[in-house]
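Participant: Pasting in a structure now, in structure tokens, and then I'll have a few things to ask.
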Amino acid sequence: MLETEIKVTPELAADHGLTAEEYARVLAILGREPNLTELGIFSVMWSEHCSYKSSKVYLRRLPTRGPQVLQGPGENAGVVEIGDGLCAVFKIESHNHPSYVEPFQGAATGVGGILRDIFTMGARPIAVLDALRFGPIVAHDHASPEAIRRNRRILDGVVSGIAFYGNCFGVPTVGGEVQFEPCYAQNPLVNVLALGIARKEDLFFARARGVGNPVIYVGAKTGRDGIHGASLLASAEFTEESKQKRPNVQVGDPFMEKLLLEACLEAMKTGAVVAIQDMGAAGLTCSTCEMASRGGTGIEIDLARVPQRETSMTPYEIMLSESQERMLLVVERGREQEVLEVFRKWGLDAVEIGRVTENGLLRVLHHGRVAAEIPAHPLAEEGPVYQRPIAPPAARAEKQGRERYAAFAAEGADLTENFTRLLASPAIASKRWIYEQYDHMVRTNTLMGPGAGDAAVVRIKGTKRALALSVDGNGRWCYLAPRVGAMHAVAEAARNVACSGARPWAATNCLNFGNPEKPEVMWQFSEAVDGIAEACVALKVPITGGNVSFYNETLGKSIFPTPTLGVLGVLEDASRTLGMAFRAEGDVIVLLDGELAGAPSSATGGEFLSSEYAKTIRGVVAGAPPAVDLAAERRLIDTLVALAGEGVLRSAHDISDGGLAVALAESCFASEGLSAEVSLEGREPAEWALFGERGARAVVSTSPELLARLHTIAAQYQLRAREIGTVTRGEFRVQYNGRVVVNAAVESLRDAWARALERALTTR
Amino acid sequence: MKFGVIVFPGSNCDHDAYHAIGTVLGQPVEFLWHQSEAVDPYDVVVLPGGFSYGDYLRTGAIARFSPVMRAVERFVRRGGLVLGICNGFQILLEAGLLPGAMLRNAGLRFSCRHVHIRVETTETPFTSAAQPGQVLKLPIAHSEGNYFCDRGTLGELERNGQIVFRYVTPEGREHPSANPNGSLTNIAGIRNREGNVLGLMPHPERAVEAALGSEDGLVVFRSMLESLTRQASSDPLRVSA
């Protein structure tokens, strides 16, 4: 039967994921019944992935403005001014569902998609970071050996996919983070952040303007791959059958994308390009109606002219295909040849497939017949918006279960063995095995790559400046307390950026959650958004974009709510970039603490139960995250930026996963054979003092000569700075209240930390 | 001295080489499109790293058929200096301008990190400014850098002093643990018999500024400049306009 002969019924609409209400809205917009192609178009545009229908009302709470913000959410990527007439264009996006169905291609096309978002704006991508979440890859109470093997395979596929795409494209993958929890076993998270640079006057936007201007299709041919790929895969929960959706996952061609990048940037230079948008989720559908809607125009295209990879594709298939590496341009009438010439030079298909119209319609022709005719603006902007029911989850037993944490170790007990185990846990261990598979140096801007500092730092050639980036998130904390957990994500990313010496400047977020139709998931979402908003306001980092990924559930089990935050920072003087490595024997180690009163001595230890140590050593996920003190974070950030700017510090490293002891060890591991001898005092148990994860703290080192200056500056910002030890070449030794609690050769600690991931991933 | 950096579709270290030569060394440098055959204005032609044609068939296998490669062959016959870095090295192998072939890395994975290589001979225009046996710290970034050739070819390379760089420990010792990709006898770079073509897997152009972790790559570029200056002063007819 021909597609045009299929009668659209409410049942068919339901099969396309449209509710009865949504279908009624379609009928109202069109004033008639849609044909099958139109139904398909509505279904993808109004899918959760494309329409943000469940999240829209919450996202309005995020702070998105600031003097530095040129473009907030709503375009292909956010844009902030960074001085010297330059702009940073950046965004983080998820590719979770495809990466579970097909880890390699899912992750690869995740990288491809976000890179297109960046160069669509006229910016050359200069860095990529990834936030990844997997199920456990070492023996775990809640995972069978088969599950662990599968988790390793997924990790291997995802990492290879990111490497394949980013390396070939020629963008450095400069940083990121990886965490492991059983809830991600059947729903890994792949969040990719890309950063690009453009001159302010060279920015491009996706607004179709100029009635009569030609619409040009560029790049890969359209195939049947990826129909309902991102848009629908990401808009429903996973079931046992989800693996059958493998053909829905797109296939990436980084070489094609590299050609597209160079050709698009060159075409933009001609001055003849009016607007440009990539074809990502919902492909041709999304790019045409969004460009028309934003430009206040209409677009008419003729599908017969769309380059096609396969024969006899129907309008439905062509409009919904998510074939990768395609772009849509609007070009000034009369100057088409200049643009087409550029694409010809790069060996790319570039075809005029339509024109900008004044009637506000997305009109799709196919061999002379009208295959679809829909008002563009209502399609793109007036989709359903839901205020879904929210409800806090019933208190879970494990949340209360402090008793599950058997008593703290006895006073003065030797914690060396526990410490070594903690260092070797996948969450803490070196990620070298992963990041060495990524080219993190190409384009020769990477001042600080993975493993060298708290944030990745890339310089901007031709200026004195550099940009710092960090992505962070803690699903376990967000699960225990979504609002506080989300605030921590912002605070940690901002702190990391400040530790590199950069002033936190703007943020992007990727919100990974379960099924929004469940009230407790929406509650988590609402709480997390509020937490992000509060922290972003306090730390002066407006949100400039990002994405929402719902339906991260498999067989009815949701992931931990996992917002990942990317914070961008600006270093006025690239030569002041700070790493985490200790630099010289005899340097003084100082603990910077933003909290005025110091550690809350009255706390009962609840915050400690949510730590990496409690999880790894005692198998406990309970309690609540440490309280966040945003004013303290702010003081710490300001102090770090001031200290770095004056060149007072030799190293800086924030305290996060694994606490103070891990921070100290990592500063040793990153150095050339240096160690630390530290003496601490306090009233809380030693485990808590060493491995507690309270925020607003950093471990820094400085030379004895500059110590006084450090104290002066810290005092100016009302920050407590305490000398806790010395950089040495001897044993790694920590004393607590006068008794040695950790004592080991730094090399043996380093070995446990450095090789753990490799050991886990290369033993089958 | 004028450098030309070839741009193949998929080259992605072209800008890095350009920056190293133009900005760091302050030498005249231009991009050279792969369909051009105009290599004559240049004293040195650089084949940069990257993924020419996506490396989809075999690394360098398609790029060697680019029109510019015909011109590069003539340029080589005339004695012009050609430097192939990473993918550029792979293209030179495919083009037959250097002997041998590349296999996948022994670990079958892409590897990006700093390694140490030892200068095996200073009798080349690419290493004349180095000390014999000098150890250089340079980055690698490849998944097919496992150099291989037959026994006869290896013997010839050794006899003719064509092995220019070997992977070594930081102390300069040849050891399997210092070999990042399984390369035959730790070979990191070779020259042609005539000595005017060098291919190497590590990236000297990424190691020309201390801020990026190493300046050891400078010696390769300085050697070329010195050699060309010497050549120019001894042979006035070779001076380019």
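The values are calculated or read from the model by the stated rules, or taken from the named source; none is laboratory data. Given the structure is predicted, the values throughout are model-derived calculations rather than measurements. A quick note on method: Cβ atoms are made from the backbone with ideal geometry, for glycine too, and the neighbour counts reach across all protein chains shown. Note: accessible area is taken over every heavy atom of the protein model, side chains too, but ligands, DNA and RNA are not part of it. Shrake-Rupley method; radii C 1.70, N 1.55, O 1.52, S 1.80 Å.
Participant: Please count how many residues of segment A:452-480 are within 13 Å of chain B (Cβ to nearest Cβ) and either of a type in the set (Phe, Trp, Tyr) or within 18 Å of the chain's Cα centre (by Cα) (or both).
Facilitator: The total comes to 2.
Participant: Tell me, which strands (runs of 3 or more DSSP E) lie completely within segment A:63-113 with 1 or more residues that are touching a Phe, Trp or Tyr at 6+ places or on another chain (Cβ under 7 Å) and open to solvent by less than 10 Å² (accessible area, probe 1.4 Å)?
Facilitator: Here the list reads A:78-83.
Participant: Specify which of the listed residues (A:Gly170, A:Gly161, A:Gly135) is over 19 Å from the mean Cα position of the chain (by Cα) and open to solvent by less than 10 Å² (accessible area, probe 1.4 Å).
Facilitator: A:Gly170
Participant: Among the candidates A:Ala599, A:Ala584, A:Ala627, which residue alone is modelled with pLDDT under 95, part of a loop (DSSP other than H, G, I, E, B) and over 29 Å from the mean Cα position of the chain (by Cα)?
Facilitator: Answer to the selection: A:Ala599.
Participant: Restricting to segment A:436-453, count the residues that are touching a strand residue (DSSP E or B) at 6+ places or on another chain (Cβ under 7 Å) and of a type in the set (Ser, Thr, Tyr).
Facilitator: 2
Participant: Specify the residue that is nearest to the other protein chains (Cβ to nearest Cβ); the eligible residues are those in segment A:151-189 that are of a type in the set (S, T, N, Q) and part of a helix (DSSP H, G or I).
Facilitator: Across segment A:151-189, the extreme among qualifying residues is A:Asn167.
Here is a yes/no grid of residues against (1) under 17 Å from the mean Cα position of the chain (by Cα); (2) outside the structural domain of A:Ala468 (by TED's automatic domain parsing):
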| residue | (1), (2) |
| --- | --- |
| A:Ala20 | no, yes |
| A:Thr37 | no, yes |
| A:Met45 | no, yes |
| A:Gly85 | no, no |
| A:Ile92 | yes, no |
| A:Pro98 | yes, no |
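Participant: Next up: Which pairs turn up if I take residues in segment A:577-591 that are within 14 Å of chain B (Cβ to nearest Cβ) and look for partners that are among the hydroxyl-bearing types (Ser, Thr, Tyr) with beta carbon separation below 8 Å, at least 6 apart in sequence or on another chain?
Facilitator: So the pair list comes out as A:Thr577/A:Ser500; A:Leu578/A:Ser500; A:Leu578/A:Ser651; A:Gly579/A:Ser500; A:Gly579/A:Ser651; A:Ala581/A:Ser651; A:Ala581/A:Ser667; A:Ala581/A:Ser671.
Participant: Right, next: Mind checking whether some residue in segment B:50-67 is more than 14 Å from chain A (Cβ to nearest Cβ), of a type outside the set (D, E, K, R) and in a loop (DSSP other than H, G, I, E, B)?
Facilitator: No; the residues of segment B:50-67 include none that is more than 14 Å from chain A (Cβ to nearest Cβ), of a type outside the set (D, E, K, R) and in a loop (DSSP other than H, G, I, E, B).
Participant: Being open to solvent by less than 20 Å² (accessible area, probe 1.4 Å) and on the phi > 0 side of the Ramachandran plot narrows it down to one residue among B:Gly50, B:Gly26; which is it?
Facilitator: Going through B:Gly50, B:Gly26 in turn, the sole match is B:Gly50.
Participant: Can you tell me which condition B:Val5 does not meet? The list is (1) facing another protein chain (nearest Cβ under 10 Å); (2) closer than 24 Å to B:Leu57 by Cα; (3) open to solvent by less than 20 Å² (accessible area, probe 1.4 Å); (4) touching a Pro at 6+ places or on another chain (Cβ under 8 Å), and all the others hold.
Facilitator: So B:Val5 meets the others, but not (1).
Participant: Same structure, new question: Got a sec? Which of A:Arg116, A:Arg25, A:Arg60, A:Arg32 is within 33 Å of the chain's Cα centre (by Cα), outside the structural domain of A:Thr173 (by TED's automatic domain parsing) and basic (Lys, Arg)?
Facilitator: A:Arg60
Participant: I'd like to check something: does segment A:751-763 contain any residue that is among the small types (Gly, Ala, Ser), in a strand (DSSP E or B), open to solvent by less than 50 Å² (accessible area, probe 1.4 Å) and closer than 15 Å to A:Phe419 by Cβ?
Facilitator: Looking for residues that are among the small types (Gly, Ala, Ser), in a strand (DSSP E or B), open to solvent by less than 50 Å² (accessible area, probe 1.4 Å) and closer than 15 Å to A:Phe419 by Cβ, one finds none in segment A:751-763, hence no.
Residue by residue, here is whether (1) under 30 Å from A:Gly354 (Cα atoms); (2) without any contact (Cβ under 8 Å) to a residue 60 or more places away in the chain holds:
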position	(1), (2)
A:Gly157	no, yes
A:Gly170	no, no
A:Val174	no, no
A:Glu181	no, no
A:Phe204	yes, no
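Participant: Can you tell me which residues in segment A:551-573 are surrounded by 23 or more Cβ atoms within 10 Å (Cβ to Cβ) and either within 14 Å of chain B (Cβ to nearest Cβ) or closer than 19 Å to A:Ala533 by Cβ (or both)?
Facilitator: Matches in segment A:551-573: A:Pro561, A:Thr562, A:Pro563, A:Thr564, A:Leu565, A:Gly566, A:Val567, A:Leu568, A:Leu571.
Participant: Continuing with this model, one more query. Considering A:Ala424, A:Ala380, A:Ala413, which residue is at pLDDT below 95 and surrounded by 19 or more Cβ atoms within 10 Å (Cβ to Cβ)?
Facilitator: When all the criteria are applied, what remains is A:Ala380.
Participant: Here is a further query. I'm checking my understanding of the structure. Among residues of segment B:92-115 that are open to solvent by less than 10 Å² (accessible area, probe 1.4 Å) and touching an Asp or Glu at 6+ places or on another chain (Cβ under 8 Å), which one is farthest from the other protein chains (Cβ to nearest Cβ)?
Facilitator: It comes out as B:Asn105.
Participant: Whether any residue in segment B:83-91 is more than 13 Å from chain A (Cβ to nearest Cβ), modelled with pLDDT of 95 or more and in a loop (DSSP other than H, G, I, E, B) is what I want to check.
Facilitator: no
Participant: In the set A:Asn547, A:Asn509, which member is farther than 23 Å from A:Phe608 by Cβ, touching a Phe, Trp or Tyr at 6+ places or on another chain (Cβ under 9 Å) and polar (S, T, N, Q)?
Facilitator: Criteria check complete, one pass: A:Asn547.
Residue by residue, here is whether (1) at pLDDT below 95; (2) under 30 Å from A:Phe560 (Cβ atoms); (3) touching a strand residue (DSSP E or B) at 6+ places or on another chain (Cβ under 7 Å); (4) not assigned by TED's automatic domain parsing to the domain that holds A:Leu265 holds:
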| residue | (1), (2), (3), (4) |
| --- | --- |
| A:Leu132 | no, yes, yes, yes |
| A:Asp141 | yes, yes, no, yes |
| A:Glu146 | yes, yes, no, yes |
| A:Arg153 | no, yes, no, yes |
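Participant: If we scan segment A:32-41, do we find a residue that is open to solvent by 70 Å² or more (accessible area, probe 1.4 Å), over 30 Å from A:Val89 (Cα atoms) and either without any contact (Cβ under 8 Å) to a residue 24 or more places away in the chain or part of a helix (DSSP H, G or I) (or both)?
Facilitator: yes
Participant: Among the candidates A:Trp433, A:Trp523, which residue alone is open to solvent by 10 Å² or more (accessible area, probe 1.4 Å), hydrophobic (A, V, I, L, M, F, W, C) and away from chain B (no Cβ under 13 Å)?
Facilitator: Step by step, each of A:Trp433, A:Trp523 is checked, and only A:Trp523 is open to solvent by 10 Å² or more (accessible area, probe 1.4 Å), hydrophobic (A, V, I, L, M, F, W, C) and away from chain B (no Cβ under 13 Å).
Participant: B:Pro202 is checked against (1) surrounded by 19 or more Cβ atoms within 10 Å (Cβ to Cβ); (2) at pLDDT 95 or above; (3) part of a helix (DSSP H, G or I) and fails just one. What number does that condition carry?
Facilitator: For B:Pro202, the failing item is (3).
Participant: Check whether at least one residue in segment B:82-91 is touching a residue at least 40 places away in the same chain (Cβ under 8 Å) and open to solvent by 40 Å² or more (accessible area, probe 1.4 Å), and report yes or no.
Facilitator: Among the residues of segment B:82-91, not one is touching a residue at least 40 places away in the same chain (Cβ under 8 Å) and open to solvent by 40 Å² or more (accessible area, probe 1.4 Å), which makes the answer no.
Participant: Further question: For A:Leu348, which of the numbered conditions (1) farther than 12 Å from A:Ile299 by Cβ; (2) away from every other protein chain (no Cβ under 14 Å) fails to hold?
Facilitator: With (1) farther than 12 Å from A:Ile299 by Cβ; (2) away from every other protein chain (no Cβ under 14 Å) applied to A:Leu348, the lone miss is (2).
Participant: Do we have any residue at all in segment B:168-179 that's open to solvent by 10 Å² or more (accessible area, probe 1.4 Å), within 24 Å of B:Asp55 (Cα to Cα) and more than 14 Å from every other protein chain (Cβ to nearest Cβ)?
Facilitator: Scanning segment B:168-179 turns up at least one residue that is open to solvent by 10 Å² or more (accessible area, probe 1.4 Å), within 24 Å of B:Asp55 (Cα to Cα) and more than 14 Å from every other protein chain (Cβ to nearest Cβ).
Participant: Any idea which of A:Thr311, A:Thr297 is buried (at least 19 other Cβ atoms within 10 Å of the Cβ) and polar (S, T, N, Q)?
Facilitator: Of the residues listed, the single one that is buried (at least 19 other Cβ atoms within 10 Å of the Cβ) and polar (S, T, N, Q) is A:Thr297.
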